[in-house]
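As structure tokens, the structure follows; a few thoughts come after it.
The values are calculated or read from the model by the stated rules, or taken from the named source; none is laboratory data. Quick caveat, the model's predicted, so the values are computed rather than measured. Cβ coordinates were reconstructed from backbone atoms using ideal geometry, including for glycine residues, and neighbour counts include every protein chain displayed. Keep in mind that these areas ignore ligands, DNA and RNA; they rest on the heavy atoms of the full protein, side chains included. Shrake-Rupley method; radii C 1.70, N 1.55, O 1.52, S 1.80 Å.
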Amino acid sequence: MLVVDNLVKSYGKFKAVDGLSLDIGEGHIYGFVGANGAGKTTTMKIIAGLLKPTSGKVMVDGTDISENPKAVKRKIGYMPDFFGVYDDLKVTEYMDFYSGVYGIPKPERKKIADQLLELVNLSDKKDSYVDSLSRGMKQRLCLARSLIHNPKLLVLDEPASGLDPRARVEMKEILKELRNMGKTILISSHILPELAELCTSIGIIERGKMVISGTVDEIMRRISHGKTLRVKILGDMEPAVRFLKEQPIISRISAASEFIDADFDGDSDVLADILKNLIKNDIRVVSFTELEKNLESVFMHLTIGGVQNAG
Amino acid sequence: MLANPVIEKELKTKMRGWKSPALISAYLCFLGFIVLLFYLSSRESARYSADYFNPRVALELYNSIAMLQFFLLLFITPAMTAAAISGERERQTLDLVLCTNLSSSSIVTGKIVVSIAHVLLLVTASLPILATVFLYGGIRITDLLLLFGFYLLMALFMGSLGIFCSTLFKKSAVSMIVTYITIFCLISGTPILLAIWHVFIMHNQNAPTLYDAMSFMFSNPVFGFSSLFEGMSRGNMILEIFSMRTYGMPQTTGNFMIKPWMANMAFNLVASVIFILLAAWKINPVKRGLFIRKTEAQKANQLKNQAV
Ligand SMILES: Nc1ncnc2c1ncn2[C@@H]1O[C@H](COP(=O)(O)OP(=O)(O)OP(=O)(O)O)[C@@H](O)[C@H]1O
Ligand SMILES: [Mg+2]
């Protein structure tokens, strides 16, 4: 449905997007994760036809965006990260305006608008002025607006940013509904766990480059060989660090002020032995746990790695 | 034209509420007041003279109102369009329109048409007042139509200049200032250029001819406008200042084929088209280079497509 091939966007010498490639199949939900300034918005703007790439190719449903931007724009619903609304316009008129922009004939407009406002739970705000809506409502209205021409592909740039927890849940419910409607969705966020339960695939972007990309399970599998042990110690940590370093199964150690993280490869048997020996050596262990590998820690792991490599 | 959703939306919001009707009413009251003053004063002076009514008064009135509206257009039109695009950028609504398949030229023309319609509405609404001069004769209906045509093209020019500036600059304030400076230069810069040319290059030989004046000032709206009143301007201070005589030229343009207002109207039309095209090109986010047509890759691709 969406194929991005070796996309580059340079601002002078700086490359905001640096050789990014993507392939999202029809009906998939692709989560696009990255720290601030990673290049998510830039990529999405290029896909939405709002920015000209320095090089590279974007194909939507088999059509090259540089060759036929109008046809591609017809297939994309885009929701920017920041947007404004016109003052002096009512919700229904707002929807009517964008229907007109997409050339939807007048008689059909009202029905479409009603359906979409129903979908985003704004039916009771039909006659309000758009600039009087709360932020969450505006965001939902903008989502409804991006659906007005029934696009196959949705490009949503942080649709849940700036929303309170309740509104986030609501937004997620709406997105699930869209998923059930069979839309292909590219959605960006800073927060991986939020995407994990929604998305079929995930890509992590760092400094304009794709660090890792694949289905949620695949990524978990690729990361989770190599587990992490977290040990909390009372008193001097030095002997504990020295002891852990001597263990052959432990590959890497990082000591923080309160705990020690150690990457290891082995089973519970080995772990039990390590704990036994720690206590034998008079080290006062408070807790000793194997860290749950969730997407959040994968994300931190990967992106911090990226910064270290670059620095 | 009304199928343009931008026009439809802008008309809806601009005409809503009390502001527009209030503005139009205030303007008409103001004009009505001036007219009243004119006629009253003429009655007053008629008491002390033999004629009961001097038809010159009607002519004077026509000239004054025409001039008033000229300056109104000059000052208001740029203000309405010079923030059109930059304002949308500032309010972050531009991307939402640009990501649709509405063409950038529809956006630009929509904005211009609405702004012009808005100012011309003021002018049109005043037509009945202006038409009272027909009661006294001295003005032909063609004069009035020509005046209106001149206004239209001038508003178009001011509007497209403003739009162009608003696509050029990110900040509305900057766009506004540049637009007004440009207009100021057209009005006062062109006669200065003419004077410089006359003094330093022609060494003050003969007085500049109308042809010379037009070569320098064809783009000067005031120059074009005042030539509309050739032969009628006597007695009107401001029209006088801008009339030919001030530039040391014969007062009438005589039998010279092209009149300054023609040159000015032609200029306004051509410049507007250029500005609108440039503005549409400028807001298109995936524009091609102006001079580089297609990259090699695109050409190859096209060939491939043709082969298939
Ligand atoms: N017009 C521009 N000129 C120069 N640099 C730019 C421009 N737009 C973006 N950048 C740079 O490109 C990089 C990527 O920005 P982008 O907005 O795509 O990041 P992002 O992943 O969306 O970040 P965030 O999570 O904060 O939204 C940033 O370093 C930014 O400074
Ligand atoms: Mg962003």
Just one of the numbered conditions (1) open to solvent by 30 Å² or more (accessible area, probe 1.4 Å); (2) within 8 Å of another protein chain (Cβ to nearest Cβ); (3) farther than 29 Å from A:Leu192 by Cβ is not true of A:Phe83; which one? (3)
Could you tell me whether the range A:112-132 includes any residue that is at the interface with another protein chain (Cβ under 9 Å from one of its Cβ atoms) and either exposed (fewer than 15 other Cβ atoms within 10 Å of the Cβ) or β-branched (Val, Ile, Thr) (or both)? no
The range A:15-57, residues that are away from chain B (no Cβ under 14 Å) and of a type in the set (A, V, I, L, M): A:Ala16, A:Val17, A:Leu20, A:Leu22, A:Ile24, A:Ile29, A:Val33, A:Ala35, A:Ala38
Scan the range A:50-68 and tell me whether some residue there is within 16 Å of ligand 2 (Cβ to nearest atom) and hydrophobic (A, V, I, L, M, F, W, C). yes
Could you tell me whether the range A:189-205 includes any residue that is within 14 Å of another protein chain (Cβ to nearest Cβ) and within 16 Å of ligand 1 (Cβ to nearest atom)? no
Contacts under 7 angstrom Cβ, first residue in the range B:90-108 being facing chain A (nearest Cβ under 7 Å), partner of a type in the set (Gly, Ala, Ser), 6 or more apart: B:Arg91/A:Gly84; B:Gln92/A:Gly84; B:Thr93/A:Gly84; B:Cys99/A:Ala48; B:Cys99/A:Gly49
Search result, residues across the range A:15-43 that are more than 15 Å from ligand 2 (Cβ to nearest atom) and within 13 Å of the chain's Cα centre (by Cα): A:Ile29, A:Tyr30
Count - residues of the range A:87-97 that are within 7 Å of chain B (Cβ to nearest Cβ) and either open to solvent by less than 10 Å² (accessible area, probe 1.4 Å) or part of a helix (DSSP H, G or I) (or both): 3
Of the conditions (1) open to solvent by 40 Å² or more (accessible area, probe 1.4 Å); (2) farther than 30 Å from B:Leu94 by Cβ; (3) in a helix (DSSP H, G or I), the single one that B:Ala117 does not satisfy is (2)
When you scan the range A:151-167, do you find a residue that is within 24 Å of B:Leu98 (Cβ to Cβ), within 13 Å of chain B (Cβ to nearest Cβ) and surrounded by fewer than 18 Cβ atoms within 10 Å (Cβ to Cβ), even just one? no
In the range A:32-75, what residues are within 22 Å of B:Val97 (Cα to Cα), within 16 Å of ligand 1 (Cβ to nearest atom) and touching a strand residue (DSSP E or B) at 6+ places or on another chain (Cβ under 6 Å)? A:Lys40, A:Thr41, A:Thr42, A:Thr43, A:Met44, A:Ile47, A:Ala48, A:Pro53, A:Val58
Considering the range A:4-14 alone, what residues qualify as being within 16 Å of ligand 2 (Cβ to nearest atom) and surrounded by 14 or more Cβ atoms within 10 Å (Cβ to Cβ)? A:Leu7, A:Lys9
With the condition kept exactly as written, say whether any residue in the range A:208-218 is touching a strand residue (DSSP E or B) at 6+ places or on another chain (Cβ under 7 Å), under 30 Å from A:Ala16 (Cα atoms), without any contact (Cβ under 8 Å) to a residue 60 or more places away in the chain and hydroxyl-bearing (Ser, Thr, Tyr). yes
Being open to solvent by 10 Å² or more (accessible area, probe 1.4 Å) and within 11 Å of chain B (Cβ to nearest Cβ) is the filter here, so list the residues in the range A:58-75 that pass it. A:Asp64, A:Ile65, A:Ser66, A:Glu67, A:Asn68, A:Pro69, A:Lys70, A:Ala71, A:Lys73, A:Arg74, A:Lys75
For the range A:153-162, indicate whether the set of residues that are free of Cβ contacts under 8 Å to residues at least 60 places away in the same chain and within 16 Å of ligand 2 (Cβ to nearest atom) is non-empty. yes
Is there any pair linking a residue in the range B:11-37 that is at positive phi to one that is surrounded by fewer than 15 Cβ atoms within 10 Å (Cβ to Cβ) and not small (Gly, Ala, Ser), with Cβ under 7 Å and at least six apart or on different chains, and which? none
Test result for B:Ser215, assigned to a helix (DSSP H, G or I) and open to solvent by 30 Å² or more (accessible area, probe 1.4 Å): yes
Close pairs (6 angstrom Cβ cut-off, 6 or more residues apart or separate chains): closer than 15 Å to A:Leu153 by Cβ in the range A:42-56, part of a helix (DSSP H, G or I) and away from ligand 1 (no atom under 12 Å from the Cβ) anywhere: A:Gly49/A:Pro69; A:Gly49/A:Lys73; A:Leu50/B:Asp95; A:Leu50/B:Leu98
Selection within the range A:69-89 - among the charged types (D, E, K, R), touching a helix residue (DSSP H, G or I) at 6+ places or on another chain (Cβ under 7 Å) and away from ligand 2 (no atom under 16 Å from the Cβ): A:Asp87, A:Asp88
Is there a residue being within 14 Å of another protein chain (Cβ to nearest Cβ) and closer than 30 Å to A:Met44 by Cα anywhere in the range B:110-127? yes
Restricting to the range B:188-207, what's the tally of residues that are closer than 21 Å to B:Leu74 by Cα and open to solvent by 30 Å² or more (accessible area, probe 1.4 Å)? 2
The range A:244-285, residues that are among the small types (Gly, Ala, Ser), part of a loop (DSSP other than H, G, I, E, B) and within 14 Å of A:Thr228 (Cβ to Cβ): A:Ala256, A:Gly266
